[in-house]
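**Student:** Quick one: the structure is below, questions incoming.
The values are calculated or read from the model by the stated rules, or taken from the named source; none is laboratory data. No experiment lies behind these values; they were computed from the predicted model shown. Please note: Cβ atoms are built from the backbone with ideal geometry, for glycine as well, and neighbour counts cover all protein chains shown.
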């Protein structure tokens with residue numbers, strides 16, 4: 001029997017085939033969107049395998065399951081900055097307990113929000129069950145990054161991050177590694193040990209970058225008031241930091257941190273070790289205390305243990321500038337002197353060492369069982385004494401200057417008793433007289449020898465105030481040590497008015513810059529006094545002095561090494577040679593241009609450093625030679641002002657050259673000094689020099705290289721020309737650096753550029769009394785002080801100035 005296919009039969013088969021019931025698996029997987037703005041009970045459960053993302057209305061933040069970087073089968077439910085590829089997570093629900101693919105985020109029929117790990121546990125963070133009306137409540141993500149479900153908010157349960165506009169109010173955040181915490185918005189802690197506090201609790205982290213503190217001055221980041229994404233984080237290294245996202249370099253920059261040096265953070269190095277700064281703000285070096293060797297599993301960073309077991313006859317090794325802090329079993333005592341402190345340590349069998357403060361307070365701290373949180377810093381007036389076995393051969397490498405003063409041995413002379421002869425009075429008198437005369441002669445000889453040999457050390461002790469201190473100033477190096485460190489002064493990295501600068505490396509692997517001074521005034525006593533003053537100046541934007549050398553006519557200063565060099569290399573780069581001019585053995589690297597945000601940060605940093613020298617440090621200091629060559633940039637382009645405090649070390653050249661009464665570099669010297677000489681030097685002369693440098697930072701050219709052919713060179717004045725272009729002709733673009741002029745014309749930096757130009761014009765005023773102080777300059781650049789319209793600077797005012805009469 002045959003069957004003929006008809007259109008009706010084909011239609012019936014088609015209808016039968018496509019109306020057959022779906023498989024049960026297909027019926028349970030209805031399609032869901034990839035991205036959504038709210039999670040409700042109709043979309044429950046939400047599983048890691050669905051690849052769903054919850055967005056904030058402004059699409060700045062996103063939430064969902066994220067796989068672990070090293071295991072794609074484990075997930076953490078997180079909130080992150082969207083479209084930022086690195087370190088973007090700002091909150092996590094279960095970062096300590098990742099879940100597998102069978103887990104789910106669920107809204108139950110009773111309205112409870114749960115993060116089930118697949119075994120029935122609820123991992124959603126809360127003090128109680130998170131419940132709401134299941135028919136009307138949704139899980140949403142706000143524009144500020146706050147994840148909300150009913151009355152529950154993620155801002156109430158932060159992990160390691162605080163976002164802008166998030167109120168703290170006693171909140172505690174913990175680093176991802178679980179070691180460090182910022183407790184109650186006021187204390188940085190390692191376990192129960194506190195190592196930093198602002199005084200009063202943080203209240204709120206604002207979107208402009210500042211942190212409001214109860215009854216205190218707010219904390220301002222270096223890029224304050226810029227429109228950047230930010231976050232306040234307890235980092236895994238234990239530091240509290242404000243991060244700012246740089247859209248040009250696509251990275252998070254640190255714009256503020258609680259501790260400048262990581263060694264001040266507890267447990268950066270292990271037990272019985274000492275933390276030493278390497279000169280960089282993000283790296284440290286750990287070394288074992290004398291008498292200890294590194295842990296074979298992880299070196300001194302993991303800890304150290306004794307080489308020899310303690311016997312009944314211990315001894316102490318002195319470590320100058322070293323302190324051990326915060327140990328659980330540390331005992332603090334008030335003792336009359338260091339001998340009593342040492343005696344207390346000898347009595348206690350658990351005591352492994354002690355520290356003593358030489359600032360007059362006589363604070364004694366006994367270290368029991370282990371030496372905790374060792375720190376070396378040349379600015380401390382503390383010495384540590386480590387108890388070791390009497391047979392220990394290790395010597396202390398942490399020596400100060402006082403050991404040179406402890407070389408005098410007492411001389412004991414006794415009179416031999418006269419023989420028992422009752423009737424020989426004349427002989428006895430003769431013997432006594434001879435001995436007395438010999439004693440006088442010997443005493444005179446010894447006294448003259450003592451004065452001749454040790455007078456310079458006595459003068460040094462009186463100058464530095466170290467009569468009772470074992471260590472109280474910068475480290476003194478020998479000429480042989482610096483010659484070895486610099487490989488016989490083979491690598492010259494700079495030349496200036498004070499001498500040449502050579503790169504070197506100390507035995508502890510610190511890279512340093514050694515400045516060989518020339519034409520140094522005064523003797524050793526004056527030199528030591530000035531070096532001590534320079535070493536006491538500590539500021540984030542000042543170049544740090546590590547030590548000095550003073551041997552006969554060789555005077556040198558040892559500074560931290562700044563790898564990026566001076567600012568002039570970035571402002572005035574040399575043109576690249578043509579292909580025919582290039583040498584095959586040489587390499588030519590194009591110098592990167594600095595954007596407006598970096599230039600603004602450099603300007604504020606230098607201004608703060610000068611304000612510190614003028615107004616904050618104990619010794620009032622005039623720099624006298626502010627120019628781009630004396631502004632160094634580290635790896636993060638943080639500015640470091642150099643050559644401060646050196647003017648008193650310079651010989652008075654007026655006795656040798658009649659025309660050298662003006663100190664400073666031509667082009668940066670204030671007008672009143674040109675007319676009246678160095679006797680009229682005030683802080684306002686430094687303000688003028690800073691204003692000229694600020695104008696060069698904006699233009700990217702030397703102030704003497706901006707002349708135009710239409711203007712007579714004798715009449716041309718850079719500040720006056722810039723004033724005409726900016727405020728009269730309103731053609732600001734003709735002043736700005738050609739390399740980044742497009743950034744200004746796009747309108748993103750008008751505010752900071754205009755503020756920098758107005759500040760420069762006020763700094764360059766002809767009359768010194770019209771210039772602001774450096775403290776006011778900092779506020780003007782930060783936008784905290786309203787700036788009045790400036791007057792036009794002129795260099796020809798002195799002919800009519802009343803002081804010239």
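**Student:** Could you please tell me which pairs satisfy a Cβ distance under 8 Å, a separation of 6+ or placement on different chains, a first residue in the range 480-496 that is in the same structural domain as residue 513 (by TED's automatic domain parsing) and at negative phi, and a second residue that is surrounded by fewer than 12 Cβ atoms within 10 Å (Cβ to Cβ) and part of a loop (DSSP other than H, G, I, E, B)?
**Tutor:** Correct list of pairs: 485/507.
**Student:** Residue 45: at pLDDT 85 or above, exposed (fewer than 10 other Cβ atoms within 10 Å of the Cβ) and assigned by TED's automatic domain parsing to the domain that holds residue 95, yes or no?
**Tutor:** No, not satisfied.
**Student:** On to the next question. Determine which member of the set 79, 130 is outside the structural domain of residue 250 (by TED's automatic domain parsing), surrounded by 14 or more Cβ atoms within 10 Å (Cβ to Cβ) and free of Cβ contacts under 8 Å to residues at least 24 places away in the same chain.
**Tutor:** 130
**Student:** Can you name the residue in the range 358-379 that is under 26 Å from residue 537 (Cβ atoms) and surrounded by fewer than 17 Cβ atoms within 10 Å (Cβ to Cβ) and, of all such residues, is modelled with the lowest pLDDT?
**Tutor:** Restricting to residues being under 26 Å from residue 537 (Cβ atoms) and surrounded by fewer than 17 Cβ atoms within 10 Å (Cβ to Cβ), the top hit is 379.
**Student:** For the condition part of a strand (DSSP E or B) and under 17 Å from residue 630 (Cβ atoms), what is the one hit in 494, 504?
**Tutor:** 494
**Student:** Could you check the range 308-338 and list, in sequence order, the residues that are exposed (fewer than 12 other Cβ atoms within 10 Å of the Cβ) and touching a residue at least 60 places away in the same chain (Cβ under 8 Å)?
**Tutor:** 309, 311, 313, 328, listed by residue number.
**Student:** Output the residues belonging to the range 127-139 that are under 39 Å from the mean Cα position of the chain (by Cα) and not in a loop (DSSP other than H, G, I, E, B).
**Tutor:** Here is the first cut: in the range 127-139, the residues under 39 Å from the mean Cα position of the chain (by Cα) are 127.
Those that are under 39 Å from the mean Cα position of the chain (by Cα) and not in a loop (DSSP other than H, G, I, E, B): none in the range 127-139.
**Student:** Kindly indicate the residue of the range 534-554 that is outside any loop (DSSP other than H, G, I, E, B) and surrounded by fewer than 16 Cβ atoms within 10 Å (Cβ to Cβ) and also modelled with the highest pLDDT among those meeting that condition. Walk me through it before giving the result.
**Tutor:** Pass one, the range 534-554, residues outside any loop (DSSP other than H, G, I, E, B): 534-535, 542, 545-551, 554.
From what is left, the residues that are surrounded by fewer than 16 Cβ atoms within 10 Å (Cβ to Cβ) are 551, 554.
Working: 551: 82, 554: 85.
It comes out as 554.
**Student:** Something else about it: Being modelled with pLDDT of 95 or more and out of contact with any helix residue (DSSP H, G or I) (no Cβ under 8 Å at 6 or more places or on another chain) narrows it down to one of 82, 77, so name that one.
**Tutor:** Going through 82, 77 in turn, the sole match is 77.
**Student:** Which residues, counting only those in the range 197-216, are surrounded by fewer than 17 Cβ atoms within 10 Å (Cβ to Cβ) and on the phi > 0 side of the Ramachandran plot?
**Tutor:** Of everything in the range 197-216, those that are surrounded by fewer than 17 Cβ atoms within 10 Å (Cβ to Cβ) and on the phi > 0 side of the Ramachandran plot turn out to be 199, 215.
**Student:** Related question: Restricting to the range 97-113, name every residue that is crowded, with 19+ Cβ neighbours inside 10 Å and more than 43 Å from the chain's Cα centre (by Cα).
**Tutor:** Of everything in the range 97-113, those that are crowded, with 19+ Cβ neighbours inside 10 Å and more than 43 Å from the chain's Cα centre (by Cα) turn out to be 103, 104, 107, 113.
**Student:** Could I ask something else about it? Within the range 225-233, is even one residue closer than 27 Å to residue 560 by Cα and surrounded by fewer than 22 Cβ atoms within 10 Å (Cβ to Cβ)?
**Tutor:** For the range 225-233, residues closer than 27 Å to residue 560 by Cα and surrounded by fewer than 22 Cβ atoms within 10 Å (Cβ to Cβ): absent.
**Student:** Among the residues of the range 40-58, which ones are in contact (Cβ under 8 Å) with a residue 24 or more places away in the chain and part of a loop (DSSP other than H, G, I, E, B)?
**Tutor:** 40, 44, 45, 47, 56, 57, 58
**Student:** Given the conditions (1) more than 17 Å from residue 273 (Cβ to Cβ); (2) outside any loop (DSSP other than H, G, I, E, B), report the number of the one that residue 311 does not fulfil.
**Tutor:** Here residue 311 clears every test but (2).
**Student:** Can you pull out the residues in the range 291-307 that are surrounded by fewer than 18 Cβ atoms within 10 Å (Cβ to Cβ) and closer than 22 Å to residue 395 by Cβ? Reasoning before the result, please.
**Tutor:** We begin by selecting, within the range 291-307, every residue surrounded by fewer than 18 Cβ atoms within 10 Å (Cβ to Cβ); these are 293, 296-299, 301-302, 305-307.
Once the filter is applied, which keeps residues that are surrounded by fewer than 18 Cβ atoms within 10 Å (Cβ to Cβ) and closer than 22 Å to residue 395 by Cβ, the range 291-307 yields 293, 299, 305, 306, 307.
**Student:** In the range 84-96, how many residues are in a loop (DSSP other than H, G, I, E, B) and surrounded by 14 or more Cβ atoms within 10 Å (Cβ to Cβ)?
**Tutor:** Residues meeting the conditions: 6.
Here is a yes/no grid of residues against (1) closer than 30 Å to residue 558 by Cβ; (2) in a loop (DSSP other than H, G, I, E, B); (3) modelled with pLDDT under 80; (4) in contact with a strand residue (DSSP E or B) (Cβ under 7 Å, 6 or more places away or on another chain):
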| residue | (1), (2), (3), (4) |
| --- | --- |
| 383 | yes, no, no, yes |
| 398 | yes, yes, no, yes |
| 416 | no, yes, yes, no |
| 432 | no, no, no, no |
| 439 | no, no, no, no |
| 442 | no, no, no, no |
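**Student:** Of the residues in the range 583-603, how many are loosely packed, with under 13 Cβ neighbours inside 10 Å and either at pLDDT below 55 or not in a loop (DSSP other than H, G, I, E, B) (or both)?
**Tutor:** Summing the residues that are loosely packed, with under 13 Cβ neighbours inside 10 Å and either at pLDDT below 55 or not in a loop (DSSP other than H, G, I, E, B) (or both) in the range 583-603 gives 6.
**Student:** Among the numbered conditions (1) within 26 Å of residue 512 (Cα to Cα); (2) not in a loop (DSSP other than H, G, I, E, B), tell me where residue 282 comes up short.
**Tutor:** (2)
**Student:** Restricting attention to the range 339-378, report how many residues are under 22 Å from residue 192 (Cβ atoms), outside any strand (DSSP E or B) and in contact (Cβ under 8 Å) with a residue 40 or more places away in the chain.
**Tutor:** The total comes to 5.
**Student:** So residue 288 ticks every box in (1) free of Cβ contacts under 8 Å to residues at least 40 places away in the same chain; (2) over 28 Å from residue 237 (Cβ atoms); (3) buried (at least 20 other Cβ atoms within 10 Å of the Cβ) but one. Which box is left unticked?
**Tutor:** (2)
**Student:** Would you mention how many residues in the range 508-521 are in contact (Cβ under 8 Å) with a residue 60 or more places away in the chain and either out of contact with any strand residue (DSSP E or B) (no Cβ under 8 Å at 6 or more places or on another chain) or surrounded by fewer than 17 Cβ atoms within 10 Å (Cβ to Cβ) (or both)?
**Tutor:** The qualifying residues number 5.
**Student:** Of all residues being in a strand (DSSP E or B) and within 32 Å of the chain's Cα centre (by Cα) in the range 69-79, which is nearest to residue 115 (Cα to Cα)? Just the residue, please.
**Tutor:** Here the residue is 78.
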